[in-house]
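The values are calculated or read from the model by the stated rules, or taken from the named source; none is laboratory data. If you're wondering where the values come from, they're calculated on a predicted model, not measured in any experiment. No Cβ is skipped: glycine too gets one built from the backbone with ideal geometry, and neighbour counts run over all protein chains shown.
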């Protein structure tokens, strides 16, 4: 177990990168503390798998260093780093039994059979696969195969970090939930640092204590699931997390006041610095309500999500979503929208530009 | 009640007719010959299983069969490991992939009798490139028309040259179908190169290798054209493989009855070995 530090990390798949767009990873500085459960969340192609492969040593970064407990491991081969990785598709050794699969990493490192046996038994019990140990691994169901590949990662008692690269992609939906809670439980039992890569916000938010959101090779925000939901640092995070995502409404700013279609909108607090560039108001649908007064809009769509309704309304040409409990208005109805001021934020060029009001 | 749709038979029918004319009917005439004696003019005498008995007890058949098994065994033991080794060392991506694949496929594109003729000229002691080099540059006495060992070395080399590519291409197809994650996982698990081969590459190649061995067995066991053109079965009878011997009996001596019986025995052996091999190799997959 170890603390992992990424310092000034950059990576490009081109031999001579010139422009920033040549980089799959742009300038990453991160600390992962010992024993933490992290998620790397982002859309496909945002560089999260690249980052993972750099940590595991399958890729050597173009620039920057990786430290495990302060020790530079940038040039070290994967098997020397003492890490474990679980892949998108379960990797098992078909011709071996489940027992031999689990024992494989230990035997490769020359442990004696007694140690191997006790470790394999302990891990098998933890994963609830003890009754399958004598079976051929090839015949297992996908979720059990994925458990075995997880087990191969956990079987070494001294792994620095266990990494999961979208491990639930091929698992049936009803087993996904089970396996996810198993993972969470495992994390609490083995106390290893775990990094979970996914593009699924539910998976990330349920697994991790800290979520790292990435976009286009950059870290956009790091925070607890609640922080990401409540105060997205970037409109991308607002969009990406939450269902439906945050409303992002282009607006004007004059004299420190945000104006939407000529009407002033109260923000959570004062605007930092000068609001130059593209200015947008960000508010989650959960904090938009329908009232007697407010911004006038026309209802364009009503969706019943079971627990609540999502009303989409047209406000000066942009669509605003609102989460409503109770009876929704009819399609085409004229409504007035109210934004909860302490949840209404201004974003300049995508980045948050308001400070919350004190007190 | 479940109605059965029998329309599928219409689609199979043309193939059945084709197979009947090019395999079943000729085969039945062979069966017909194998139990009778004929002196021409469509006059036949019932012979029972005499020809089979005669063939099975003949030393000539035994030694041809022995040579045949030796030939097949030798080419398999060379071509399979060599093919795997070449496939493993071929690039997996990039510019050189199509180049390698085309170079590999080339020998297989050459007609069999041309292969025989090529190697015949290639190995002629006085004018062949290889023959001249061996005899006049290295000073090795090499003449496959005189020396049985030289003849064997030549037909084995020729077959390896001609057919190793098949094993290479099949193994390569098996190799490239292995996802990168397997190699990455193996790296992380600290597996040695040998372990990667033994536990990842070989199991993933198993199916295609089974096919490769089966094809090479059948082809080499039935081989005729190349050694016939190259050595004609000589010197003496030293490279007279089963098929060459069969043609000698049938067309050289015109002993149609014994030749027919021998064909059937030959066929049965090929079928039996193929079936045994395939059953053994795929036995695990069924469970």
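For this structure, a couple of remarks:
- With respect to the conditions (1) buried (at least 21 other Cβ atoms within 10 Å of the Cβ); (2) part of a helix (DSSP H, G or I); (3) facing chain B (nearest Cβ under 8 Å), residue A:79 lacks only one, and its number is (1).
- Filter pass, residue B:13 being loosely packed, with under 11 Cβ neighbours inside 10 Å, at pLDDT below 90 and outside any loop (DSSP other than H, G, I, E, B): no
- Residue tally, condition free of Cβ contacts under 8 Å to residues at least 60 places away in the same chain and farther than 21 Å from residue B:77 by Cβ, over the range B:214-233: 3
- Subset of the range A:325-340 [modelled with pLDDT of 85 or more and surrounded by 14 or more Cβ atoms within 10 Å (Cβ to Cβ)]: A:335, A:336, A:337, A:338, A:339, A:340
- Within the set B:233, B:190, the sole residue that is touching a helix residue (DSSP H, G or I) at 6+ places or on another chain (Cβ under 6 Å), within 14 Å of another protein chain (Cβ to nearest Cβ) and not in a helix (DSSP H, G or I) turns out to be B:190.
- For the range A:43-66, the criterion of being in a loop (DSSP other than H, G, I, E, B), buried (at least 17 other Cβ atoms within 10 Å of the Cβ), under 18 Å from the mean Cα position of the chain (by Cα) and in contact (Cβ under 8 Å) with a residue 24 or more places away in the chain is met by at least one residue.
- Filtered residue count, the range A:100-118, keeping only those that are in a helix (DSSP H, G or I), surrounded by fewer than 21 Cβ atoms within 10 Å (Cβ to Cβ) and within 14 Å of another protein chain (Cβ to nearest Cβ): 4
- Scanning the range A:301-321 for residues that are surrounded by 13 or more Cβ atoms within 10 Å (Cβ to Cβ) and within 18 Å of residue A:250 (Cβ to Cβ) turns up A:312, A:313, A:314, A:315, A:316, A:318, A:319, A:320, A:321.
- All conditions but one from (1) in contact (Cβ under 8 Å) with a residue 12 or more places away in the chain; (2) assigned to a helix (DSSP H, G or I); (3) out of contact with any helix residue (DSSP H, G or I) (no Cβ under 8 Å at 6 or more places or on another chain) apply to residue B:48; the one that does not is (2).
- Residue match in the range B:251-258 (condition: away from every other protein chain (no Cβ under 14 Å), out of contact with any helix residue (DSSP H, G or I) (no Cβ under 6 Å at 6 or more places or on another chain), closer than 24 Å to residue B:30 by Cβ and surrounded by 17 or more Cβ atoms within 10 Å (Cβ to Cβ)): no
- No other residue among B:268, B:259 is closer than 19 Å to residue B:54 by Cβ and within 16 Å of the chain's Cα centre (by Cα) apart from B:268.
- Filter result for residue A:197 (touching a strand residue (DSSP E or B) at 6+ places or on another chain (Cβ under 8 Å), farther than 22 Å from residue B:195 by Cα and within 14 Å of chain B (Cβ to nearest Cβ)): yes
- Residue A:94 meets each of the listed conditions (1) within 14 Å of chain B (Cβ to nearest Cβ); (2) surrounded by 21 or more Cβ atoms within 10 Å (Cβ to Cβ) apart from (2).
- Qualifying residue in the range A:153-166 (condition: crowded, with 19+ Cβ neighbours inside 10 Å, within 11 Å of another protein chain (Cβ to nearest Cβ) and in a helix (DSSP H, G or I)): yes
- The residues of the range A:24-42 that are surrounded by fewer than 19 Cβ atoms within 10 Å (Cβ to Cβ) and under 16 Å from residue A:5 (Cβ atoms), listed by number, are A:27, A:29, A:30, A:31, A:33, A:34, A:35.
- The set of residues in the range B:88-147 being modelled with pLDDT under 85, closer than 30 Å to residue B:183 by Cα and surrounded by 15 or more Cβ atoms within 10 Å (Cβ to Cβ) is empty.
- Filter pass, residue B:153 being assigned to a helix (DSSP H, G or I) and crowded, with 22+ Cβ neighbours inside 10 Å: no
- Some residue of the range A:248-259 being surrounded by fewer than 22 Cβ atoms within 10 Å (Cβ to Cβ) and under 24 Å from the mean Cα position of the chain (by Cα): yes
- Some residue of the range B:194-213 being without any contact (Cβ under 8 Å) to a residue 24 or more places away in the chain, within 30 Å of residue A:89 (Cβ to Cβ) and in contact with a strand residue (DSSP E or B) (Cβ under 9 Å, 6 or more places away or on another chain): no
- For the criterion of being farther than 20 Å from residue B:63 by Cα, more than 14 Å from chain A (Cβ to nearest Cβ) and outside any helix (DSSP H, G or I), residue B:214 fails.
- Qualifying residues in the range A:246-257 (those that are assigned to a loop (DSSP other than H, G, I, E, B) and touching a residue at least 24 places away in the same chain (Cβ under 8 Å)) - the one nearest to residue A:43 (Cα to Cα): A:246
- With respect to the stated conditions, residue A:74 is under 24 Å from residue B:190 (Cβ atoms), modelled with pLDDT of 80 or more and in a loop (DSSP other than H, G, I, E, B).
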